[in-house]
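This is the structure, below, for whatever I ask next.
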Amino acid sequence: EYGYLTIITALNVVDDTVTLKKSLLSELAKEITEEEIFASVTDPSGICRKLYLYLTIPYEHMRRYFSKDEIELMTPVKGTSKKDPEMRKNEINGVLKENLESCCIENVVQLAKDKKGSDVLLNVLNRWWNVDLCKAITNAVESEMQNILEHPTGQVTIKRALVLDKERKDSEKDNVLADTIWKLMKPDMKKWISINRCAFVLNALLEHPCTSKDVKQSLKENETVLKENKELAAVKIIMKVL
């Protein structure tokens, strides 16, 4: 049950990252299967996914996913470590990069709709911003649009992905996510406006620099539909922005 803490503590304390990669992470990368990673990140207890979260989240986000007691246990005693925590993490997280990205690409629909799995999916996306993973997300939206956008967790995942995309420095240079999702949603604007969860995704697109202008114009053209659905929480936000 607490094996993950032993591994994470070693990764969080030992400055010799070369040895850590060779003796610990490389062996794990060789042995672990995509199916095992998927089972771990979607485990209802949330415990099994913590190693993958540790490797992908910024150090300052630790408190989002780890308890105070866990953080105290894995924090190095003063004088034990001299290396900057984020630097250490950057030196080791690439070992499982391919395994994690492959799992996310192959299981994107299931992860997007799973509360535990979506955290890992989004953190893997944010850590490395793999174009193939972006395409897997947009392909999932295209093939199962209503199934994902109306799903309570699915729509939050897509919305959070768009927010992460907006915050990227290179968002306007190599945007795949926002532009593609907008093109998929645009033909059925009336329908998406009238569904609260889907309207939240529209709002994320409205606030994204790559799609904002076009989305705003389309929403204004559908002003009547907006007014008809003005009691929806997402539509209220959209109307304030407009």
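The values are calculated or read from the model by the stated rules, or taken from the named source; none is laboratory data. Every value quoted in this text rests on a predicted model; they were computed, and no experiment measured them. Glycine also receives a Cβ, built like all others from the backbone with ideal geometry; neighbour counts cover every protein chain displayed.
For segment 149-171, which residues satisfy the criterion of being over 17 Å from Val120 (Cα atoms) and either crowded, with 22+ Cβ neighbours inside 10 Å or in contact with a Pro (Cβ under 6 Å, 6 or more places away or on another chain) (or both)?
Leu149, the sole residue that qualifies.
Sticking with this structure for a sec: From the set of residues in segment 128-146 that are at pLDDT 95 or above and among the polar types (S, T, N, Q), which is farthest from Glu98 (Cα to Cα)?
Here the residue is Ser143.
OK, next. Specify the residue that is modelled with the lowest pLDDT; the eligible residues are those in segment 67-102 that are over 17 Å from the mean Cα position of the chain (by Cα) and of a type in the set (A, V, I, L, M, F, W, C).
Within segment 67-102, the match that is modelled with the lowest pLDDT is Val77.
Please work out if Leu177 is surrounded by 18 or more Cβ atoms within 10 Å (Cβ to Cβ), touching an Asp or Glu at 6+ places or on another chain (Cβ under 8 Å) and not assigned by TED's automatic domain parsing to the domain that holds Leu11. Don't jump to the end; show me each part of the working.
Working: surrounded by 18 or more Cβ atoms within 10 Å (Cβ to Cβ): yes; touching an Asp or Glu at 6+ places or on another chain (Cβ under 8 Å): yes; not assigned by TED's automatic domain parsing to the domain that holds Leu11: yes.
It is true that Leu177 is surrounded by 18 or more Cβ atoms within 10 Å (Cβ to Cβ), touching an Asp or Glu at 6+ places or on another chain (Cβ under 8 Å) and not assigned by TED's automatic domain parsing to the domain that holds Leu11.
If the Cβ limit is 9 Å and pairs must be 6+ apart or interchain, which residue in segment 213-242 that is over 18 Å from Lys159 (Cα atoms) and touching a residue at least 12 places away in the same chain (Cβ under 8 Å) pairs with which residue that is of a type in the set (A, V, I, L, M, F, W, C) and outside any helix (DSSP H, G or I)?
Lys220/Leu242; Leu226/Leu242; Asn229/Ile195
Show the residue pairs that are 6+ apart or on different chains and have beta-carbon atoms under 8 Å apart, the first residue being within segment 6-30 and surrounded by fewer than 17 Cβ atoms within 10 Å (Cβ to Cβ), the second being of a type in the set (D, E, K, R) and at pLDDT below 90.
Asp15/Lys82; Asp15/Lys83; Asp15/Arg88
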